[in-house]
Amino acid sequence: MGIVVQKYGGSSLADADAIKRVARRIVDVKKAGHDVVVAVSAMGDTTDDLYDLANGVSPLPPAREMDMLLTAGERISMALVAMAISDLGYTARSFTGSQAGVITDSVHGKAKIIDITPGRITQAIGEGHIVIVAGFQGVSADTKEITTLGRGGTDTTAVALAAALEADVCEIYTDVDGVFTADPRIVPSARKLGKVSYEEMLELAACGAKILHLRCVEYGRRYGIPIHVRSSFSQLEGTWVVSDPALQGPEEETMEQPIIAGVAHDRSEAKITVVGVPDKVGEAARIFEALADAQINLDMIVQNVSAAATSLTDISFTLPRTDGQTAMTALARIQAEVGYDKLLYDDKIGKVSLIGAGMRSHPGITSKFFAALASAGVNIGMISTSEIRISVVVDENVVDDAVRATHTAFDLDADEVEAVVYGGTGR
Ligand code: ADP
Ligand code: ASP
Ligand code: MG
């Protein structure tokens, strides 16, 4: 039978018992006659602990060394899972990302996979082994250095492997039963989605729903790999991420898709305001060039109308908090050249987003969203929209209230609580 590619997240591999449980699940697939390739994350909160350790040693650790450190987490779990499998009478071979042929660009901390050369994997499969691959890591084609794919990157390793090995599906095992209409840790009445389109899942992931890594969804869409998100703690059918939920998935369903797929939130961003930018051609280009050169991905950008008296304007944008320091340094360097007044930095913000393909054809969604926020007493700092998304920046402390109020306003609450959180610390 075909190749099954699975991914187990850190919350599913938290301790020795959990690893033995996962090993049993993997062996069951092999027993059913499939070849199995598994991408594993670091155990529990190992990656966060390694970050803390690094920051205890150095305030700004070199990116290369950070990647060397973080990849150790996945190496630990891959070897332990392989050991647990061998205890069950099957043979497993574990491989680092580099050994598995995960080739990336050379950007430490957020490398992109550019190719997979799975020779060692296919050879090991041919020899009858179960293959375990350390997730979240690869090797740069140019520099030959070890890289990491960004937080949550094992999802992407798994889907990229599924594409390279031409698997029919990629199974992502985690600590909840699938993709819900909101994070079940905040909204216990959230509903599980049976199916969701790549398009909506891309927006959910981009807006902070950390159930799936953004680039894994991009990969799935590009190579047409259905992603099945499910719990490693239950046997329940999870959520299918597919191109057309009305037609695809385990069972045919011709029902019209709901207007709203879900509410996502993100507490990992910061806001920078460049105050007093001269309102002249080329100023914005200079500012954003400096940020691009520093490899910073921006999210929302807002430029105020310039004040008539001064011809000065303010430009605000959001970016990952982890890039805050680098961005401030890059902007400080061009202050004289651009002639702006000062920089403001705010990392006490959160972003709440409403996502749904049905927004295209349903007016009144924005006003209902804003009314829900107003009734919860939430003040809106910034707004951005796409065809199928509305996002607002709010104070970090009111994110949970905003998510719950929005979820209820759009009738997303389930009648019976079905959102079980089986493990993980939510960190
Ligand atoms: P893993 O360790 O398996 O990679 P993660 O912690 O990265 O798990 O992702 C799973 C978590 O994602 C869940 O425990 C949940 O708190 C969070 N989450 C955020 N948004 C959603 C959502 N819309 N549906 C399900 N889970 C979500
Ligand atoms: N261990 C990495 C992280 O915590 C990668 C992953 O879990 O997917 O971000
Ligand atoms: Mg994850």
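The values are calculated or read from the model by the stated rules, or taken from the named source; none is laboratory data. All values derive from a computational prediction rather than experimental measurement. Virtual Cβ from ideal backbone geometry, glycine too; neighbours counted across all protein chains shown. The accessibility values were calculated without ligands, DNA or RNA, using every heavy atom of the protein model including side chains. Shrake-Rupley method; radii C 1.70, N 1.55, O 1.52, S 1.80 Å.
Structural remarks
- Within the set 134, 141, 82, 111, the sole residue that is open to solvent by less than 60 Å² (accessible area, probe 1.4 Å), of a type outside the set (S, T, N, Q), without any contact (Cβ under 8 Å) to a residue 60 or more places away in the chain and within 16 Å of ligand 2 (Cβ to nearest atom) turns out to be 111.
- Residue list for the range 61-78, restricted to those being without any contact (Cβ under 8 Å) to a residue 40 or more places away in the chain and away from ligand 1 (no atom under 16 Å from the Cβ): 61, 62, 65, 69, 72
- Screening residue 97 against (1) within 16 Å of ligand 1 (Cβ to nearest atom); (2) open to solvent by less than 40 Å² (accessible area, probe 1.4 Å) leaves a single unmet condition, (1).
- Selection status of residue 200, of a type in the set (D, E, K, R), buried (at least 21 other Cβ atoms within 10 Å of the Cβ), away from ligand 3 (no atom under 16 Å from the Cβ) and outside any loop (DSSP other than H, G, I, E, B): yes
- 2 or more residues over 17 Å from residue 7 (Cβ atoms) and in contact with a Ser or Thr (Cβ under 7 Å, 6 or more places away or on another chain): qualifying strands (runs of 3 or more DSSP E) within the range 52-170: 102-104, 137-140, 146-148
- Contacts under 6 angstrom Cβ, first residue in the range 9-34 being crowded, with 17+ Cβ neighbours inside 10 Å, partner in a loop (DSSP other than H, G, I, E, B) and of a type in the set (Gly, Ala, Ser), 6 or more apart: 9/41; 10/41; 10/42; 10/44; 11/423; 11/424; 12/232; 14/44
- Selection within the range 203-238 - among the small types (Gly, Ala, Ser), in a helix (DSSP H, G or I) and more than 25 Å from residue 26 (Cα to Cα): 205, 206
- Helices (runs of 4 or more DSSP H) within the range 281-376 that include 3 or more residues within 25 Å of residue 202 (Cβ to Cβ): 283-293, 365-375
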